[in-house]
1. Residue by residue, what Karplus-based ³J(HN,Hα) values in Hz, rounded to whole numbers, does the range 177-190 have, using 6.51, -1.76 and 1.60 with θ = phi - 60° and x for Gly and Pro?
2. Any chance you could run the full-extension gain for N346 through E261? It's 0.36 nm times the residue separation minus the Cα-Cα distance, nm to one decimal.
3. Below 8 Å, C-alpha to C-alpha, sequence gap of six or more: please give me the relative contact order for the chain in percent.
4. With each pseudo-label sitting 7 Å past Cα toward Cβ, what's the D483-D46 distance in nm, one decimal?
5. Work out which helices of the chain, taken as complete DSSP H runs, extend at least 18 Å along their axis over the Cα atoms and score a mean Kyte-Doolittle of 0.5 or more, then list them.
6. Among 289-300, 241-252, 272-283, how do they line up by average Cβ neighbours within 10 Å per residue, starting with the highest?
7. Viscosity 1.306 mPa s, temperature 10 °C: Stokes-Einstein D of the range 125-442 from its Kirkwood Cα radius, in µm² per second?
8. Would you give the gap between the C-alpha center of the range 67-94 and the C-alpha center of the range 169-245, rounded to a whole Å?
Amino acid sequence: MLVLAEMSACGDSGISACEPPLDTIVRRPLGGDPTAVIIHYAREVDLPARAASGRAGRRSLIEALHRDARRAQARTLALLRRHGVEPRAQLWTINAVAATLPTSMIDEIARLPEVERIEPDLSISAPTTNIGNVTTTAWNLSAIRAPDLWATGQRGAGIVVAVLDSGVDVDHPDLAASWRSRAGWYDPYDQHSSPFDGSGHGTQVMGLVVGGATSGESIGVAPDARWIAARIYGDNGVASLSGIHLALQWVLDPDGDPTTEDAADIVTASWGYSERVNECYLEFEPDLAVLRAAQIATVFAAGNSGPYPASSISPANNPSAFAAGAVDEDLTVITSSSRGPSACTNSMFPELVAPGANVRTTDRTFGGQFPNSYVVVSGTSFAAPHIAGAMALLRGAHRSATVTQLERALTSTAVDLLPAGADNASGFGLPDLLAAEGRLVAMPSCTDADADGYFADPDCGSPLDCNDNDAAVHPGACDVMRDGIDQDCDGADRVNGTCCPP
């Protein structure tokens, strides 16, 4: 491929006035015509200012992202129509369009001044399951004190967890009742209209989050939570970049209607670029930043590239992700668990560790033919759902808790593992769910009296609302010049130039 460089700044005076060298905005795959590409545009939505929670705040964010994408992509879509090309996907969360184009057309689109870059729509192969040894005790749940939190009545009721993986076997008796069937399944490749799992990996992950106890033994950390799933891998075991972007977009608005509240509360993702050890690959960071702004927590498996230092992988090492390493029953970090520091931020990696060696979970039933199907698994793929389940329990107990608060509650109360202190093998340590719930009790209440999606309290994950009694006044509002009101809370009564029309 050609080396990708930053595109030079262009004005708004049209194509003829803005013709940067194509090498600066196009990464050309070797061979192939037509070629699957993703066309990226600059995202103008100010995510820190839009960071909000609740129906009003999330709806405002989604609508702003849609407006941004419509404006930026209009000329490209018109050009595609003139050439008889139908885009494969419109990625409004990251302001991009996926399409399959001849080389000549790629060059034509690259000259549009609003186009930031064009990249190949590459692929990633599905992870495989590392089968562990037989175990008869649910040591993993006790290790993070999940049963202790259940005893207080907190079992994840009312919380929705999304898994982005190979799919989920909805026929498993430990998973069937907890599936949210309304807008609860997404296949970006349109190969399966209802929940399906071609490899079992996603079913194994999901069991550790919400699995029941039909076998007589508890499986999941948050058994009363509901699940939805996006199948990011096609029948060939391969995921395209655009397919993953679509899945991450889907969890924000599963039914495609921003006026309904059906987004996931927590996302768990047990996959990554294992061939890019100690590299910072930011392909999905824009998606993760949007989910974080919408107060949707995202947990990634840290990867299985250990035991060497600096063995983090993406997206787990991205700034907006939360990474989980794995420990065994002796609470020792397993050899294969990836270590830090993060290749993206040079900060500690992973954030936490969780059980990920010889843990029992659900497996495929092959259409219900083998209902009592369970498997013992190992790897960080199975540590991540423990953290996702933990967040589901905590969010269930504290519905207004922000992503930042959930993460801080878990990291600040984690049981430190050897060596002493936070480190690049075990992070802050192993979750103590009862202690984490107690930490949330002491955190700010995250007041949003006017239901505009912005909080009047610090440490809540959004910019401070300077007037929590007026829904028209908040950090994401349009400031009307010289009306005596600081609508956008920036300390000045003036048009801010971002969300106000000129």
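Nothing in this text is a laboratory measurement; each read-out follows from the coordinates by a stated rule. Owing to the predicted nature of the structure, the values given are computational and were not obtained by experimental measurement. Ideal geometry is used to build each Cβ from the backbone, glycine not excepted, and the neighbour counts take in all protein chains shown.
1. Coupling constants for the range 177-190: 6, 9, 6, 8, 5, 6, 6, x, 8, 9, 10, x, 9, 6 Hz.
2. 27.0 nm
3. 15 percent
4. Result: 1.7 nm between the two label points.
5. Long hydrophobic helices here: 384-397.
6. Most protected by this proxy first, the peptides run 289-300, 241-252, 272-283.
7. 85 µm²/s
8. 31 Å
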